[in-house]
């Protein structure tokens with residue numbers, strides 16, 4: 001499932017990554033949360049983040065990420081940065 005995708009995925013590796021743990025109010029900063037707990041939500045899913053990006057018209061894709069261990073599959077969102085960094 002993807003939203004946007006105007007570039008055909010050629011520069012997707014330069015997109016920013018959003019892991020659901022970054023927005024999870026149940027996690028601490030030490031566990032990976034990156035925004036204030038008051039602005040975070042409980043247990044966000046990739047599909048919820050994708051829907052939010054689509055609503056805000058931010059091009060994004062869901063990506064299956066194989067971590068260090070083959071058994072640790074994680075879903076993450078790649079989105080285009082509007083900060084001008086890439």
Take each of the peptides 13-26, 30-43, average the number of other beta-carbon atoms within 10 Å over its residues, and list them starting from the highest.
13-26, 30-43
Length gain on complete extension for the stretch residue 13 to residue 25, per 0.36 nm per residue less the alpha carbon to alpha carbon distance?
1.6 nm
Projected label distance in nm at residue 43 and residue 55, using a 7 Å step from Cα toward the beta-carbon
2.0 nm
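Since every read-out is calculated from the coordinates, none of them should be taken as a lab result. As the structure is a computational prediction, the values presented were derived from the model and not from experiment. As a convention, Cβ positions derive from the backbone with ideal geometry for all residues, glycine included, and neighbour counts pool all protein chains shown.
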